[in-house]
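Read through the structure below, which is laid out as structure tokens, and then see the notes.
Read the figures in this text as sums done on the coordinates, not as results from a lab. Note that the structure is a prediction, hence the values are computed from the model and not measured.
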Amino acid sequence: MDDDVDAGHTPAEVDATFRTLRRVAVGYFVVFLLAVAAFPVLTLTLDWWSQARLAGGMSPGFLVAAFGLYVFFAVLGIAVARLSSAVEHRMLDGTPEGSPGEALDEPGERP
């Protein structure tokens with residue numbers, strides 16, 4: 001983590017970043033909520049969700065609850081962390097990813 005104490009950001013920049021990150025968090029929370037809410041809806045509406053048998057006699061609902069949700073939560077968490085870090089970096093550092101001067105080590109070498 002790059003904690004640059006000397007970096008001076010205006011309150012407007014920090015506020016804009018906060019609002020953007022809040023929108024990102026709310027958006028991913030909605031995705032999380034829909035995925036979790038879909039599980040009981042599928043159980044109530046689709047008979048095969050709890051009555052069909054797959055690997056080892058387990059139902060699709062059990063497999064999703066036992067394994068699928070954990071994979072989904074891990075992927076969602078990684079996606080949130082990467083997007084939030086990228087948004088914060090772009091908004092507060094002012095350097096878009098992949099710009100020519102980003103990979104240079106010494107500030108005097110910038111074109």
Inset, instruction - Work out how much length LEU76 to GLU13 would gain on full extension: take 0.36 nm times their residue separation and subtract the Cα-Cα distance, in nm to one decimal. - result: 20.0 nm
Inset, instruction - Mind pulling up the Rg/Rh value for the stretch 11-96? Radius of gyration and Kirkwood radius, both on Cα. - result: 1.21
Inset, instruction - Give the relative contact order (percent, whole number) for the stretch 11-96; include only Cα pairs under 8 Å separated by 6+ residues. - result: 39 percent
